[in-house]
Amino acid sequence: MNFAAAIRLALEGVKGVTRIVEGVHSSVARPRARPSASAMIGNWAGISGLVYRSIHGTTNLVGMGLDSALAGAQKLIEVLPGEVGRWR
């Protein structure tokens, strides 16, 4: 199993669900004032804006951290087979 692909898929799922929730929130919170749901996504102020920006930012930060960790693990895996065989 390709862990990097699985992690990216999970993160894209989180981002997609967040956009869906944001769109539903937009249609419920501002039903008359919305020109289109996609135009309102990301245009939040106050507590809602803070929450949605935090979710997007945290998801991106977790994604970057996992990408970095996987890159380091991949380098370690490439080096280990030779090192393990040398110590036997």
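Identify all residues within segment 58-78 that are within 14 Å of Ala5 (Cα to Cα) and not charged (D, E, K, R); write none if there are none.
The answer is Gly63, Met64, Leu66, Ser68, Ala69, Leu70, Ala71, Gln74.
Given the condition modelled with pLDDT of 65 or more, within 21 Å of Val14 (Cα to Cα) and either loosely packed, with under 10 Cβ neighbours inside 10 Å or among the small types (Gly, Ala, Ser) (or both), answer yes or no: does some residue in segment 67-82 qualify?
Yes, because at least one residue in segment 67-82 is modelled with pLDDT of 65 or more, within 21 Å of Val14 (Cα to Cα) and either loosely packed, with under 10 Cβ neighbours inside 10 Å or among the small types (Gly, Ala, Ser) (or both).
For every residue, the table says whether it meets (1) charged (D, E, K, R); (2) under 30 Å from Lys75 (Cα atoms); (3) modelled with pLDDT of 90 or more.
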| residue | (1), (2), (3) |
| --- | --- |
| Met1 | no, yes, no |
| Val21 | no, no, yes |
| Met40 | no, no, no |
| Gly49 | no, no, no |
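The values are calculated or read from the model by the stated rules, or taken from the named source; none is laboratory data. Treat the numbers as computed from the prediction; the structure is a model and nothing was measured. All Cβ positions, glycine included, derive from the backbone under ideal geometry; neighbour counts span all protein chains shown.
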